[in-house]
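Let me begin by handing over the structure; questions about it come next.
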Amino acid sequence: MTHDELKALLPAYSLQALPEDEAALVEAHLEGCPECSLEADGLGDLAESLALAVTPQAPPAGFADRVVERATGGTAPERSHGPRRRWWAVAIATVVIAAVVAGAVELVTTTSSANRLKTAVATLSRNDGMALEGDDGVVARMVGDEDGSTFAVAGLDPAAEGKTYELWLMRGNDCPSTDPSACEIAPAGTFDIEDRVGLLEIDDDVSRWDIVAVTVERDGGVDAPTGDPILISSS
């Protein structure tokens, strides 16, 4: 497989979703490719940060019983302690597990939280735009084009009571700075953290700016940053 083909497998590899033979090929490639190794580390951190990002939802009451009834055609198997009994137990358990997983996924994916998470994952998995640096375990990226931009962050705790996170766009030779006279600064909006994930979509094209930064501000946001950034892109 080519470098590009193996690189395309990295997201699935980070989620341990590859067959053993493909996973082995990726691992062999990572040993000799610093570029893919670095990306794999980042995707692994992202997968870990997002592992608990969606609150689990239990299936509806009686869901498993209805699945068993459907699987057996409405007739329970004869009671037996032999191989036939074991076969039925395994078969029904397999159907129930598969159905419960499918049902849980369906429940989660119909929520706005799941749609938000999907957008965040797609944004953080891209290689373009601006990557922001901050505390260990926090990953953030800003991507966009002339139609608008999307900012996503994972691994960040909610802001303290009375505070919010605010996103800033900066450009100029003296950036980053909190002084608007030294650096052109535009507030891009505030965002909240839900399940350690934050998302903000804006109309501006991020490629027109030199630096993207995040600060902690009072609720409602401010016109200019009041403190040092907790997340910032490379200039």
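The values are calculated or read from the model by the stated rules, or taken from the named source; none is laboratory data. Not measured: the values here are computed from a predicted model. Positions of Cβ are generated from backbone atoms using ideal geometry, with glycine treated the same way; all protein chains shown enter the neighbour counts. The area values use the complete protein model at the heavy-atom level, side chains included, leaving out ligands, DNA and RNA. Shrake-Rupley method; radii C 1.70, N 1.55, O 1.52, S 1.80 Å.
Go through 96, 90, 108, 100 for me and flag whichever is hydrophobic (A, V, I, L, M, F, W, C), modelled with pLDDT under 50, touching a helix residue (DSSP H, G or I) at 6+ places or on another chain (Cβ under 8 Å) and open to solvent by 40 Å² or more (accessible area, probe 1.4 Å).
One residue alone meets the criteria, 100.
Is it true that residue 193 is closer than 22 Å to residue 129 by Cβ and free of Cβ contacts under 8 Å to residues at least 60 places away in the same chain?
Judged against the criteria, residue 193 is a match.
Collect the residues in region 179-230 that are open to solvent by less than 70 Å² (accessible area, probe 1.4 Å), assigned to a loop (DSSP other than H, G, I, E, B), within 22 Å of residue 159 (Cβ to Cβ) and out of contact with any Leu (no Cβ under 6 Å at 6 or more places or on another chain), keeping them in residue-number order.
Within region 179-230, 195, 221, 222, 224, 225, 227, 229, 230 qualify.
Another question, if that's okay. Under 8 Å between Cβ atoms, which residue pairs at least 6 apart in sequence (or on different chains) link something in region 10-38 that is closer than 16 Å to residue 126 by Cα and in contact (Cβ under 8 Å) with a residue 40 or more places away in the chain with a partner that is open to solvent by less than 70 Å² (accessible area, probe 1.4 Å) and assigned to a helix (DSSP H, G or I)?
11/43
Taking region 142-170 only, how many residues are closer than 26 Å to residue 41 by Cα and open to solvent by 40 Å² or more (accessible area, probe 1.4 Å)?
Result for region 142-170: 2.
Please specify each residue of region 1-27 satisfying the condition of being among the small types (Gly, Ala, Ser), outside any loop (DSSP other than H, G, I, E, B) and either open to solvent by 60 Å² or more (accessible area, probe 1.4 Å) or at pLDDT below 85 (or both).
8, 12, 14
Are any residues in region 112-146 in contact (Cβ under 8 Å) with a residue 24 or more places away in the chain and assigned to a loop (DSSP other than H, G, I, E, B), and if so, which ones?
125, 127, 129, 134, 135, 137, 138, 146
Can you report the number of residues in region 28-51 which are assigned to a helix (DSSP H, G or I) and modelled with pLDDT of 75 or more?
Result for region 28-51: 13.
Further question on the same structure: With the structure loaded, tell me whether residue 230 is among the hydrophobic types (A, V, I, L, M, F, W, C) and in contact (Cβ under 8 Å) with a residue 60 or more places away in the chain or whether it fails that test.
Answer is yes for this residue.
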